[in-house]
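Below is one structure, written out as structure tokens, with a few remarks after it.
The values are calculated or read from the model by the stated rules, or taken from the named source; none is laboratory data. Just so you know, these numbers come straight off a predicted model, no measurement behind them. Cβ: placed from backbone, ideal geometry, glycine included. Neighbour counts: every protein chain shown. Note: accessible area is taken over every heavy atom of the protein model, side chains too, but ligands, DNA and RNA are not part of it. Shrake-Rupley method; radii C 1.70, N 1.55, O 1.52, S 1.80 Å.
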Amino acid sequence: QAHLDRIAAVDGDIHAFLHVSDHALETANRIDERRAAGEQLGELAGVPVAIKDVLATEDMPSTSGSKILEGWRPPYDATVVARLRGADLVPLGKTNMDEFAMGSSTEHSAYGPTHNPWDLSRTPGGSGGGSSAAVSAFEAPFALGSDTGGSIRQPAAVTGSVGVKPTYGGVSRYGAIALASSLDQVGPVSRTVLDAALLHDVIGGHDPLDSTSLTDAWPSMAAAARRGATGEGLKGLKVAVVKELSGESGGFQAGVKQRFDETVAALTAAGAEVIEVAAPSFEYAVAAYYLILPAEASSNLARMDSVRFGLRVQPERGPVTVERVMSATRDAGFGAEVKRRIILGTYALSAGYYDAYYGSAQKVRTLIQQDFAKAFAQADVLISPAAPTTAFELGTLVGDPLAMYLNDVTTIPANLAGIPGMAIPMGLAPEDGLPVGLQLLAPAHEDARLYEVGAAIE
Ligand code: GLN
């Protein structure tokens, strides 16, 4: 009830939610009754969770921020949602996002932008700005996001929240409306590292319904966070600053760089050994990502065909053929950024250009993986600012796609390599008083290490 009251009080200004559940309270009350009857419930039983609208929920609309899916109710729950229900968490509602998770500000949502609770004139990040805003505005203690190129970590960074992109395959993608299948991962958003770990433990682990799901026996992330909270683990920890992401190059805000340098100094003072590593291929990461992502997205979005899901628009005049209905529907249902990426993607995949664009981008992806392998041979974790700037003003980047894409420079390499990444708060930038995020990266399968180190630094 407290969270529903909070939503009623502030969400008119923030617009974190696209849909608020009409039966969350009833679900919570039923859990209370079972607890009162003496049933042993899980650690998070009764805790409300906000769910990014990219995830299928059978009891709430799931639009992925697009008009083309307006009002669509999936016939099933995403695996992560089913696991929340199984652990007796309470789905609170669906959060706003850039259309089909394409964007870094929520301004590409078909339903209007979300506002950053720290300063309503600014973005809460994107694409998962609804989830990060809901958590930082105390509308929800927990949220789920999806991270294809940073959409959990960058929104967490600019709202002073914690966000984790798990190892690729560590959390099921079944029922997550696909953006780029080789990059997408679902993960937790919260206010503390331990909260994120508890949520990760609920949603993570093998899912036979996702063919890319790993069969690892994962350690408890919450246990790792609790171990880390003593701070003892920082002694002797090998930390590497990624030179290309350290803020030396252009585009990093002074206050972000300052907080990052202070964090490095604090780590050294706590007994960590901090070195610098070079990752020369990262220079090409944004370019490679913006070929691979549109290519995969153009293929995934082909299912929005006016027949199977959501919207159907009849052509205004002329014959009514399948192709013309499909075309009229996509014209009306997709926003400008989605159309831009579909066109880029189909071009990059077209015969004659495939090797030059998609093929080259895949080679860069391999080089980035090799850079990470070399870096992790020298260090336990890598660190960088989680985003190059604090929350920018709504309206400033939305008309400049390239500038918006460059905002992802810090987060994209982890997706291209499939490794886990975490954003945690590291104070406020002196020049604007807005949150700055630290990014931690660990080798694939080592998500628990992120929680241990993250909790130690927090
Ligand atoms: N900003 C990135 C993009 O626009 C992030 C997307 C994501 O992680 N879903 O593609």
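Is it true that some residue in segment 136-150 is within 21 Å of Leu69 (Cβ to Cβ), hydrophobic (A, V, I, L, M, F, W, C) and within 11 Å of the ligand (Cβ to nearest atom)? Within segment 136-150, none of the residues are within 21 Å of Leu69 (Cβ to Cβ), hydrophobic (A, V, I, L, M, F, W, C) and within 11 Å of the ligand (Cβ to nearest atom). Does segment 440-452 contain at least one residue that is at positive phi, out of contact with any Phe, Trp or Tyr (no Cβ under 8 Å at 6 or more places or on another chain) and assigned to a loop (DSSP other than H, G, I, E, B)? Checked segment 440-452: at least one residue is at positive phi, out of contact with any Phe, Trp or Tyr (no Cβ under 8 Å at 6 or more places or on another chain) and assigned to a loop (DSSP other than H, G, I, E, B).
Residues satisfying the criterion are present in segment 385-402 (criterion: within 16 Å of the ligand (Cβ to nearest atom), at pLDDT below 95 and assigned to a helix (DSSP H, G or I)).
Does segment 164-184 contain any residue that is open to solvent by 10 Å² or more (accessible area, probe 1.4 Å) and either modelled with pLDDT under 95 or within 10 Å of the ligand (Cβ to nearest atom) (or both)? Taking every residue of segment 164-184 in turn, at least one turns out to be open to solvent by 10 Å² or more (accessible area, probe 1.4 Å) and either modelled with pLDDT under 95 or within 10 Å of the ligand (Cβ to nearest atom) (or both).
Residues are listed down the side, and each one gets a yes or a no for (1) in contact with a Lys or Arg (Cβ under 9 Å, 6 or more places away or on another chain); (2) of a type in the set (S, T, N, Q); (3) at negative phi; (4) in contact (Cβ under 8 Å) with a residue 60 or more places away in the chain:
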position: Gly145; (1), (2), (3), (4): yes, no, yes, yes
position: Val164; (1), (2), (3), (4): yes, no, yes, yes
position: Gln185; (1), (2), (3), (4): yes, yes, yes, yes
position: Pro188; (1), (2), (3), (4): no, no, yes, no
position: Ala196; (1), (2), (3), (4): no, no, yes, yes
position: His206; (1), (2), (3), (4): no, no, yes, no
position: Pro219; (1), (2), (3), (4): no, no, yes, yes
position: Lys238; (1), (2), (3), (4): no, no, yes, yes
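Exactly one residue out of Leu84, Leu89 is closer than 16 Å to Val186 by Cα and either within 16 Å of the ligand (Cβ to nearest atom) or open to solvent by less than 10 Å² (accessible area, probe 1.4 Å) (or both): that is Leu84. Number of residues in segment 427-449 that are buried (at least 21 other Cβ atoms within 10 Å of the Cβ) and either within 16 Å of the chain's Cα centre (by Cα) or among the charged types (D, E, K, R) (or both) equals 7.
Considering only residues in segment 382-415 that are under 17 Å from Val277 (Cβ atoms) and not hydroxyl-bearing (Ser, Thr, Tyr), the one that is most open to solvent (accessible area, probe 1.4 Å) turns out to be Val409. Any idea which of (1) open to solvent by 10 Å² or more (accessible area, probe 1.4 Å); (2) assigned to a helix (DSSP H, G or I) is the one Gly38 doesn't satisfy? Single failed check for Gly38: (2).
Matching residues to (1) part of a loop (DSSP other than H, G, I, E, B); (2) among the hydrophobic types (A, V, I, L, M, F, W, C):
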position: Ile275; (1), (2): no, yes
position: Ala287; (1), (2): no, yes
position: Asp305; (1), (2): yes, no
position: Arg312; (1), (2): yes, no
position: Asp331; (1), (2): no, no
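Here is a yes/no grid of residues against (1) in contact (Cβ under 8 Å) with a residue 12 or more places away in the chain; (2) closer than 30 Å to Ile424 by Cα:
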position: Ala297; (1), (2): yes, yes
position: Ala302; (1), (2): no, no
position: Glu316; (1), (2): yes, no
position: Ala356; (1), (2): no, no
position: Asp371; (1), (2): yes, yes
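Only residues that are open to solvent by 10 Å² or more (accessible area, probe 1.4 Å) and within 12 Å of the ligand (Cβ to nearest atom) were counted in segment 104-124, giving 2.
Of the listed requirements (1) at positive phi; (2) open to solvent by less than 10 Å² (accessible area, probe 1.4 Å), Ser127 misses just one: (1).
Confirm whether Gln154 is surrounded by 24 or more Cβ atoms within 10 Å (Cβ to Cβ), closer than 25 Å to Asp432 by Cβ and within 16 Å of the ligand (Cβ to nearest atom).
Here the answer is yes, as Gln154 does meet what is asked.
Of everything listed in (1) within 15 Å of the ligand (Cβ to nearest atom); (2) open to solvent by less than 10 Å² (accessible area, probe 1.4 Å); (3) in a loop (DSSP other than H, G, I, E, B), the single unmet condition for Ala379 is (1).
Among the residues making up segment 251-306, those that are more than 16 Å from the ligand (Cβ to nearest atom), over 20 Å from Gly437 (Cβ atoms), among the hydrophobic types (A, V, I, L, M, F, W, C) and open to solvent by 50 Å² or more (accessible area, probe 1.4 Å) are Ala269, Ile275, Ala278, Ala302.
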